[in-house]
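Before any comments, here is the structure.
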Amino acid sequence: VDELREEVGARQREALRDSGGDRSTLLGILSGATPVHGPGVRLVVNDAEDTAGGGDGDARSSSGFADTGRVRDRDLQRVVNGLWESGAEAVSINGRRLTALSAIRAAGDAILVDNKPLVPPYTVLAVGDGEELGDRFQDSADGVYLHVLQENYGIRTALSVEDDVRLPAAPSVTVRTAQPITEKGTS
């Protein structure tokens with residue numbers, strides 16, 4: 001199945017290149033269909049130390065916030081949205097490239113990105129103006145939210161500015177309803 005998905009993704013990227021004309025490179029970058037690299041930030045988000053070993057009982061049965069010391073899907077959603085808002089041009093989590101169609105959600109104890117389970121620590125890479133991106137994120141509401149998780153619940157974080165961040169292409173970009181506009185303005 002993974003081999004077929006990769007083949008479908010490769011053919012979609014090829015079709016995008018063939019139909020994009022002069023804008024094919026930009027379209028590939030914006031859609032997540034091509035790998036990218038450039039300056040950016042690396043943000044590692046991890047569960048609190050006392051929850052790393054699993055702990056006792058159901059750590060997620062409390063109030064629904066990160067009061068258990070575990071990173072939750074909504075925490076990663078806020079981190080990613082904060083990075084986009086701060087000027088990120090491309091983002092990945094644990095090597096999974098995010099697109100406009102990506103979903104970050106929970107299934108039991110697992111955090112899923114596009115239905116693929118991830119395990120902590122969560123390494124979020126973002127391409128953009130590294131220094132400015134890092135500063136803007138830390139000053140944003142989502143950066144403050146992450147700091148509150150760190151201070152109050154022991155969530156561990158580390159943000160570093162990187163000279164060259166490399167993000168893979170999204171495995172498959174599936175467009176279901178969009179159609180190109182023809183010269184006459186109709187599809």
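The values are calculated or read from the model by the stated rules, or taken from the named source; none is laboratory data. Given the structure is predicted, the values throughout are model-derived calculations rather than measurements. All Cβ positions, glycine included, derive from the backbone under ideal geometry; neighbour counts span all protein chains shown.
Which condition from (1) assigned to a loop (DSSP other than H, G, I, E, B); (2) farther than 22 Å from Arg74 by Cβ is the one that Val161 breaks?
Evaluating Val161 over (1) assigned to a loop (DSSP other than H, G, I, E, B); (2) farther than 22 Å from Arg74 by Cβ leaves (1) as the failure.
List pairs: first in the range 81-98 and in contact (Cβ under 8 Å) with a residue 40 or more places away in the chain and assigned by TED's automatic domain parsing to the domain that holds Gln138, second part of a loop (DSSP other than H, G, I, E, B) and of a type in the set (Gly, Ala, Ser), Cβ under 6 Å, 6+ apart or cross-chain?
Listed by first residue and then by second, the contacts come to Gly82/Ser140; Ser86/Ser140; Gly87/Gly128; Ala88/Gly128; Glu89/Gly128; Arg97/Gly32; Arg97/Ala170.
List the number of the failed condition for Asp164; all other conditions in (1) surrounded by 12 or more Cβ atoms within 10 Å (Cβ to Cβ); (2) touching a Gly at 6+ places or on another chain (Cβ under 9 Å); (3) at pLDDT 95 or above; (4) not small (Gly, Ala, Ser) hold.
In the conditions (1) surrounded by 12 or more Cβ atoms within 10 Å (Cβ to Cβ); (2) touching a Gly at 6+ places or on another chain (Cβ under 9 Å); (3) at pLDDT 95 or above; (4) not small (Gly, Ala, Ser), Asp164 misses (1) alone.
Given (1) surrounded by 16 or more Cβ atoms within 10 Å (Cβ to Cβ); (2) over 21 Å from Gly40 (Cβ atoms); (3) of a type in the set (Gly, Ala, Ser), identify the lone condition not met by Ala170.
(2)
Restricting attention to the range 118-151, which residues are of a type outside the set (Asp, Glu), in contact (Cβ under 8 Å) with a residue 40 or more places away in the chain and either more than 16 Å from Arg42 (Cβ to Cβ) or in a strand (DSSP E or B) (or both)?
Tyr122, Thr123, Val124, Leu125, Ala126, Val127, Ser140, Ala141, Tyr145, Leu149
Would the range 108-115 turn up any residue that is surrounded by fewer than 18 Cβ atoms within 10 Å (Cβ to Cβ), more than 21 Å from Ser31 (Cβ to Cβ) and touching a Leu at 6+ places or on another chain (Cβ under 6 Å)?
No, the range 108-115 contains no residue that is surrounded by fewer than 18 Cβ atoms within 10 Å (Cβ to Cβ), more than 21 Å from Ser31 (Cβ to Cβ) and touching a Leu at 6+ places or on another chain (Cβ under 6 Å).
Can you name every residue in the range 149-181 that is among the basic types (Lys, Arg) and within 17 Å of Ala33 (Cα to Cα)?
Passing the criteria: Arg166, Arg176.
May I ask you to verify whether Leu146 is of a type outside the set (Gly, Ala, Ser), farther than 22 Å from Thr34 by Cβ and under 16 Å from the mean Cα position of the chain (by Cα)?
yes
Has the range 13-28 got any residue that is modelled with pLDDT of 70 or more, outside any loop (DSSP other than H, G, I, E, B), over 16 Å from the mean Cα position of the chain (by Cα) and more than 30 Å from Asp139 (Cα to Cα)?
Yes.
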